[in-house]
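Trainee: Before anything else, here's the structure in question.
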Amino acid sequence: MTVGVYPGSFDPVTYGHFDIIERSSAIMDRLIVAVLNNSSKSPLFSVEERVNMLIDVTKHLPNVEVRSFNGLLVDFVQANQANVIIRGLRAVTDFEYELQLSQTNRVIAPQVDTIFLTTNLKYSYLSSSIVKEIAMYGGDISAFVHPSIAEKIRAKFAGD
Ligand code: ADP
């Protein structure tokens, strides 16, 4: 049984993340989307909100579950009997950081491997920060996130 963990901030989940989730869930027996509960990054959405948004957009995928985690990713991976970490690569700028991260994780936990899925060309430019920046200025984000997520972002910036 191949169990994958796809970790990230997902603040908020974009079509780029969603594409990686759909494609990796087709490869894995089970996929756990792991939302990092990071106090240092001061996210726009709380970890509960990010988890709920991911549950909402993945509800049609029966082998996907969403959880939050604190601390070391490899500890979370092992505690969940998973064996693979999934990461997405957009451009060469992602590569250096991702390489360092995956190599460090392999030193700490040699039995856990990282696999990379290259971005869907349609979403290669897309990041959560760009979406937030456009939304902050009232721009149209419908090409970047699911309609339900766009509404939550709009409400957040409107202070509803
Ligand atoms: P992190 O803070 O861990 O980088 P993110 O939520 O920004 O969290 O990203 C989580 C993962 O999703 C990373 O592997 C990132 O490279 C990948 N990712 C983000 N946006 C895209 C995209 N548009 N296409 C492919 N992968 C993406």
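The values are calculated or read from the model by the stated rules, or taken from the named source; none is laboratory data. Small disclaimer: the values here were computed from a predicted structure and weren't measured. Quick reminder, even Gly has a Cβ in these numbers, built from the backbone with ideal geometry, and neighbours come from all protein chains shown. Side chains included, ligands, DNA and RNA excluded: accessible areas come from the protein's heavy atoms. Shrake-Rupley method; radii C 1.70, N 1.55, O 1.52, S 1.80 Å.
Trainee: I'd like the residue in the stretch 17-32 that is open to solvent by less than 50 Å² (accessible area, probe 1.4 Å) and more than 10 Å from the ligand (Cβ to nearest atom) and, out of all such residues, is nearest to Ile115 (Cα to Cα).
Mentor: Here the answer is Ser24.
Trainee: Another one. Just the residues that are of a type in the set (D, E, K, R), without any contact (Cβ under 8 Å) to a residue 12 or more places away in the chain and open to solvent by less than 90 Å² (accessible area, probe 1.4 Å), please, taken from the stretch 87-109.
Mentor: Asp94, the sole residue that qualifies.
Conditions (1) of a type in the set (S, T, N, Q); (2) modelled with pLDDT of 95 or more, marked per residue:
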{"site": "Thr104", "(1), (2)": "yes, yes"}
{"site": "Phe116", "(1), (2)": "no, yes"}
{"site": "Ser128", "(1), (2)": "yes, yes"}
{"site": "Lys132", "(1), (2)": "no, yes"}
{"site": "Asp140", "(1), (2)": "no, yes"}
{"site": "Ala143", "(1), (2)": "no, yes"}
{"site": "Lys152", "(1), (2)": "no, yes"}
{"site": "Phe157", "(1), (2)": "no, no"}
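Trainee: Moving to a separate point now. Which residue pairs have Cβ atoms under 7 Å apart, sit 6 or more places apart or on different chains, and have a first residue in the stretch 123-137 that is under 14 Å from Ile20 (Cα atoms) and a second that is part of a helix (DSSP H, G or I)?
Mentor: Listed by first residue and then by second, the contacts come to Tyr123/Tyr15; Tyr123/Gly16; Tyr123/Asp19; Leu126/Tyr15; Leu126/Gly16.
Trainee: Conditions: (1) within 15 Å of the ligand (Cβ to nearest atom); (2) at pLDDT 95 or above; (3) not small (Gly, Ala, Ser). Asp94 meets all but one. Number of the miss?
Mentor: With respect to (1) within 15 Å of the ligand (Cβ to nearest atom); (2) at pLDDT 95 or above; (3) not small (Gly, Ala, Ser), Asp94 is out only on (2).
Trainee: Please count how many residues of the stretch 33-55 are surrounded by 22 or more Cβ atoms within 10 Å (Cβ to Cβ) and either of a type in the set (A, V, I, L, M, F, W, C) or part of a loop (DSSP other than H, G, I, E, B) (or both).
Mentor: 6
Trainee: Next question. What's the number of the only condition in (1) crowded, with 17+ Cβ neighbours inside 10 Å; (2) of a type in the set (Ser, Thr, Tyr); (3) within 12 Å of the ligand (Cβ to nearest atom) that Thr58 fails to meet?
Mentor: For Thr58, the exception is condition (3).
Trainee: Across the stretch 1-16, which residue is surrounded by the fewest Cβ atoms within 10 Å (Cβ to Cβ) among those that are in contact with a Phe, Trp or Tyr (Cβ under 6 Å, 6 or more places away or on another chain) and not small (Gly, Ala, Ser)?
Mentor: Among them, the one singled out is Tyr15.
Trainee: When you scan the stretch 1-11, how many residues do you find that are assigned to a loop (DSSP other than H, G, I, E, B) and near the ligand (Cβ under 9 Å from one of its atoms)?
Mentor: Residues in the stretch 1-11 being assigned to a loop (DSSP other than H, G, I, E, B) and near the ligand (Cβ under 9 Å from one of its atoms): 3 in total.
Table: residues versus (1) assigned to a helix (DSSP H, G or I); (2) open to solvent by 20 Å² or more (accessible area, probe 1.4 Å); (3) touching a Pro at 6+ places or on another chain (Cβ under 9 Å); (4) farther than 24 Å from Leu44 by Cβ.
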site: Glu65; (1), (2), (3), (4): no, yes, no, no
site: Gln78; (1), (2), (3), (4): yes, yes, no, yes
site: Ile85; (1), (2), (3), (4): no, no, yes, yes
site: Gln111; (1), (2), (3), (4): no, yes, no, yes
site: Leu117; (1), (2), (3), (4): no, yes, no, yes
site: Leu126; (1), (2), (3), (4): no, no, no, no
site: Asp140; (1), (2), (3), (4): no, yes, no, no
site: Ala143; (1), (2), (3), (4): no, yes, no, no
site: Asp160; (1), (2), (3), (4): no, yes, no, no
